[in-house]
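One structure is given below, encoded as structure tokens.
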2 protein chains.
Amino acid sequence: MAPRQTRERILETSLAMFNAQGEPNVTTNHIADELEISPGNLYYHFRNKEDIVEQVFTRYEVRMDDALLVPEGRLPNLEDVWMQLHMVFECMWDYRFLYRDLVDILSRNRKLKAHFARILTRAASSAAAVLRGLAAGGILRATEDEIRATAENVLLVATFWMNFSIVRNARGEVGQDDLTHGIYQVMLLIAPFLRDAERAHLNTLAQAYR
Amino acid sequence: MAPRQTRERILETSLAMFNAQGEPNVTTNHIADELEISPGNLYYHFRNKEDIVEQVFTRYEVRMDDALLVPEGRLPNLEDVWMQLHMVFECMWDYRFLYRDLVDILSRNRKLKAHFARILTRAASSAAAVLRGLAAGGILRATEDEIRATAENVLLVATFWMNFSIVRNARGEVGQDDLTHGIYQVMLLIAPFLRDAERAHLNTLAQAYR
DNA sequence: GTCTATATAGGGATAGAC
DNA sequence: GTCTATCCCTATATAGAC
């Protein structure tokens with residue numbers, strides 16, 4: 001088979017298996033079995049398991065960098081926030097293995113840790129910029145300190161929302177519904193600072209997910 | 001050596017090593033080495049590694065159950081919230097290995113998962129009760145929906161604060177200072193609902209940790 | 001590019017002597 | 001209660017044939 005294709009299949013299957021079973025529970029042999037190729041073949045394409053994780057991470061990084069772009073040239077509105085949260089949460093969902101064992105995965109690999117920290121920094125800037133934009137547009141009222149603290153909480157809630165869902169449900173899997181709930185949960189962080197009309201509207205929407 | 005003592009030493013050392021290196025990275029052989037006992041001896045006292053984790057978890061559970069007790073017979077004030085957050089965060093710190101790899105640890109053990117879910121449920125009740133108490137005392141103003149959503153975010157931020165700290169600092173360890181920052185971060189979740197005087201006071205205090 | 005076969009290492013766990 | 005010795009199994013990774 002063409003080299004590109006096998007390499008690509010390994011990456012796709014690895015991602016799927018990491019997401020389904022958790023990265024620590026997926027071995028190179030499991031991946032090879034699933035693809036019906038030999039372990040030796042897998043090691044022809046990648047130096048080791050960590051190499052696979054790194055390549056998958058790189059794709060995640062590109063995707064998340066895109067999701068974090070803030071629309072320029074105009075002030076953001078609540079619809080923009082909504083849209084951006086969807087982009088970000090869908091990216092997190094597609095690479096949920098990373099978030100499931102975030103500390104463990106990053107602790108084994110300095111490069112990944114540095115890159116993830118960079119993404120968090122970008123996300124913090126993005127969140128703060130959007131909040132400032134909302135304030136400038138009169139949609140939101142908050143001091144600079146409140147904006148900074150809220151941006152930090154937005155980051156934290158978004159980053160660990162899926163883990164929270166998994167851990168809270170005594171049984172049962174986490175699905176796309178929980179993601180939507182997470183988006184609302186993030187919106188509710190900024191709700192107290194919204195103009196009355198917008199806050200009332202948001203609270204009505206959020207009823208369905210409490 | 002008396003059986004109680006060796007068993008006790010195993011539990012203490014395991015906890016220390018789990019916290020320092022992460023539970024997935026600590027093997028039964030490592031624990032035995034550290035204690036300068038034989039692996040066979042360790043297995044005389046515990047059926048397997050999971051048994052050790054369960055026993056350590058039980059102690060965590062007792063401790064957290066205590067920290068989540070809400071003072072009865074009077075309305076809570078902000079000082080109570082402050083104190084309780086300290087109790088809870090110190091407990092989380094002492095058993096931080098559990099939070100570091102929460103999803104992974106719980107996914108391997110249904111019993112632990114059920115117990116942790118129970119603790120989260122208790123914590124949610126506790127948080128909501130305290131917020132309602134603050135509202136009843138006129139310290140805070142929020143609708144029932146806002147209280148519910150805020151309690152959920154309090155839970156999430158508290159549960160994953162340490163992981164967030166670890167992951168955000170590109171390098172360097174997490175220490176007790178970060179814990180204090182986490183407590184402020186939780187307080188800032190409820191700040192928007194506080195009476196003006198209390199909110200101003202809190203924001204002043206929080207300056208040091210932004 | 002892919003396979004088979006295998007080397008190496010380590011972790012979990014037990015048997016049986018002391 | 002503790003130790004030594006050991007077994008089993010799995011995971012990573014490589015060598016060399018095809």
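The values are calculated or read from the model by the stated rules, or taken from the named source; none is laboratory data. Quick caveat, the model's predicted, so the values are computed rather than measured. Every residue, glycine among them, receives a Cβ derived from its backbone with ideal geometry; neighbour counts consider all protein chains shown.
I'd like the residue in region B:51-71 that is within 16 Å of DNA strand D (Cβ to nearest atom) and either aromatic (Phe, Trp, Tyr) or touching a residue at least 24 places away in the same chain (Cβ under 8 Å) (or both) and, out of all such residues, is nearest to residue B:201 (Cα to Cα).
Applying the first criterion (within 16 Å of DNA strand D (Cβ to nearest atom)) to region B:51-71 yields B:51-52, B:55.
Applying the additional criterion that residues be either aromatic (Phe, Trp, Tyr) or touching a residue at least 24 places away in the same chain (Cβ under 8 Å) (or both) yields B:52, B:55.
Values: B:52: 45, B:55: 42 Å.
Filtering region B:51-71 for residues that are within 16 Å of DNA strand D (Cβ to nearest atom) and either aromatic (Phe, Trp, Tyr) or touching a residue at least 24 places away in the same chain (Cβ under 8 Å) (or both), the one nearest to residue B:201 (Cα to Cα) comes out as B:55.
So, in region B:34-49, exactly how many residues are closer than 10 Å to residue B:10 by Cα and more than 7 Å from DNA strand D (Cβ to nearest atom)? Counting residues in region B:34-49 that are closer than 10 Å to residue B:10 by Cα and more than 7 Å from DNA strand D (Cβ to nearest atom) gives 4.
Only residues that are touching a helix residue (DSSP H, G or I) at 6+ places or on another chain (Cβ under 6 Å), within 11 Å of DNA strand C (Cβ to nearest atom) and more than 19 Å from residue B:112 (Cβ to Cβ) were counted across region B:39-81, and they come to 3. The residues of region B:72-101 that are over 11 Å from the mean Cα position of the chain (by Cα) and touching a residue at least 40 places away in the same chain (Cβ under 8 Å), listed by number, are B:75, B:76, B:77, B:78, B:80, B:81, B:82, B:84, B:101. Taking first residues from region B:160-171 that are outside the structural domain of residue B:20 (by TED's automatic domain parsing) and partners that are surrounded by fewer than 18 Cβ atoms within 10 Å (Cβ to Cβ) and acidic (Asp, Glu), the Cβ contacts under 9 Å between residues at least 6 apart in sequence or on separate chains come to B:166/B:173.
Condition test on residue B:167, is it assigned to a helix (DSSP H, G or I) and buried (at least 20 other Cβ atoms within 10 Å of the Cβ)?
Working: assigned to a helix (DSSP H, G or I): yes; buried (at least 20 other Cβ atoms within 10 Å of the Cβ): yes.
Yes: the conditions hold for residue B:167.
Against the numbered list (1) closer than 22 Å to residue A:106 by Cβ; (2) near DNA strand C (Cβ under 8 Å from one of its atoms), residue A:7 comes up short only at (1).
Those helices (runs of 4 or more DSSP H) of region A:67-148 in which at least 1 residues are in the same structural domain as residue A:176 (by TED's automatic domain parsing), modelled with pLDDT of 95 or more and more than 30 Å from residue A:13 (Cα to Cα), considering only elements entirely within it, cover A:78-94, A:110-136.
Within region A:179-207, take every residue that is more than 10 Å from every other protein chain (Cβ to nearest Cβ) and free of Cβ contacts under 8 Å to residues at least 12 places away in the same chain and give me the one that is nearest to the chain's Cα centre (by Cα). That would be A:201.
Checking region B:30-53 against the condition returns a match, with at least one residue being among the small types (Gly, Ala, Ser), surrounded by 16 or more Cβ atoms within 10 Å (Cβ to Cβ), on the phi < 0 side of the Ramachandran plot and not assigned by TED's automatic domain parsing to the domain that holds residue B:98. Close contacts from region A:7-30, counting a first residue that is assigned to a loop (DSSP other than H, G, I, E, B) and a second that is crowded, with 18+ Cβ neighbours inside 10 Å, with Cβ to Cβ under 6 Å and a gap of 6+ residues or different chains, come to A:22/A:100; A:26/A:17; A:26/A:18.
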